[in-house]
Structures are given as C-alpha cells and as structure tokens.
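Okay, structure first, notes after.
Every number here is computed from the coordinates shown, using simple stated rules; none is lab data. Model, not experiment: these values are computed from the prediction. FYI the Cβ positions are ideal-geometry reconstructions off the backbone, even for glycines, and counts take in every protein chain you see.
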Amino acid sequence: MKTPLLLLLAVSLFFCCGRQPKENAKPQDPKLTLVDLIDSLHLKKEDLSILINKSHYRLFVRTDTSTIREYPVVFGTNPIDDKRMQGDRSTPEGSFKVREFYPHKSWSKFVWIDYPTQDSWKKHNTAKSDGSIPEDAKIGGEIGIHGVPDNRSSLISERVNWTWGCISMTNEHVNDLYGIVYKGMNIEIMK
C-alpha cells in the first residue's frame, strides 16, 4: 500500500511543480554552455539577471531564487570605492541594465551597462558638493563587462584589478555569458 501512495505523490509533485531539468543538469557543470544549461533548466534569457559581488570577485547569473552559474571577475585598479567620477578607476555600484553588447577587438566581447544612471549622477553631484571630488570632475561612462587581452587569463586567476572601472573576466567566460545577455537585462553591482 505504501508504494502506490509514494508513486502517486511523486507523480503529483512532478506535474504540479513543473518540468524537471534535462539530464540532471547542474548549475556549475563545466561541460554545458550557459545557453545549454538554461535550456536544460527550461529557463528563458528573460528569467535571468546578473549579480556582481566586488568583495568576493564573483559574477553570478541568477534567477529570482537561485544562482545558475558563477564566474571569477576583477575590476578597476581601485576595486574598493564606488565610482564617483571619470578617471577614478573604480567600478560603479548599484542597479544597472544592459545597454548594448557586441564583439570587441581587444577583449573578445563587451557588455555595455547603462552607467551613469540617475543614482550615479546623484552620487557624483553629492561628491562634488561635499568636496570629495573636484568641482570640474566629469562622471565618465562606457562601463561594461568584458574579457581580457589575448593570453592574459591569468589577470583573472591572480585577481589583478587592471581596468579603468569595467568588470573583466576570462574570454572563455565572457563568451559563455554573452550567449544569454539581452538588452535591458538587470545587473546589480554590490560592494
């Protein structure tokens, strides 16, 4: 009597809770590209967002409830501070969206974020008012997620913060990420 009841419960859970991942896909399975992984989990690109944690040097591809994949990343040569002006070599913090994405001749791919946002301008103007940046400072722009120069993947594994404020990852990883990026995709960058 127990076996039919357990079988009925298992079948009910399967149909009630949605489709199951194909081939027991695991988020960090290196054999699957990110595109194949989200397909195996029956997700759409629009279900995904990006979270970047500067303290942990990690970029996470997420759904509302879980991390699908994570990658090591590095930042501007001033990885601690939030970006306030052009040339401070800091990576901005806050909520952003993908503005555009395209192949890049020097860094494989470029995922352009919509910095500066209204919040970025507020931080910039406050820093001018309180004297922490020069009155004539410009806010800057062209911040994105990109790869590394050819044969320089060690910049990532050795945590060398080398950019002017962008987020950098290996070319292999940025190529993997590029397959699921879409205009308007949410990106959260936290300290």
Worksheet item: How do the pairs read when you match residues in region 50-68 that are free of Cβ contacts under 8 Å to residues at least 24 places away in the same chain with residues anywhere that are assigned to a strand (DSSP E or B), using Cβ under 6 Å and keeping only pairs 6 or more apart or on different chains?
Response: 58/70; 60/51; 60/67; 60/70; 62/49; 62/51
Fill in: Breaking point among (1) part of a helix (DSSP H, G or I); (2) over 18 Å from residue 68 (Cβ atoms), for residue 172
(2)
Item to complete: Name every residue in region 104-113 that is in contact with a helix residue (DSSP H, G or I) (Cβ under 9 Å, 6 or more places away or on another chain) and either assigned to a loop (DSSP other than H, G, I, E, B) or more than 19 Å from residue 59 (Cβ to Cβ) (or both), in order of residue number.
Response: 107
Fill in: Output for region 145-185, where each listed residue is within 13 Å of the chain's Cα centre (by Cα) and farther than 20 Å from residue 35 by Cβ
166, 167, 168
Item to complete: May I ask you to list pairs of residues, at least six apart or on different chains, whose Cβ atoms are under 6 Å apart, with the first in region 125-141 being without any contact (Cβ under 8 Å) to a residue 40 or more places away in the chain and the second being surrounded by 16 or more Cβ atoms within 10 Å (Cβ to Cβ)?
Response: 135/128
Practice prompt. Check 127, 137 and return the single one that is small (Gly, Ala, Ser) and in a helix (DSSP H, G or I).
Written response: 127
Worksheet item: Can residue 176 be described as charged (D, E, K, R), surrounded by 21 or more Cβ atoms within 10 Å (Cβ to Cβ) and within 22 Å of residue 46 (Cβ to Cβ)?
Response: yes
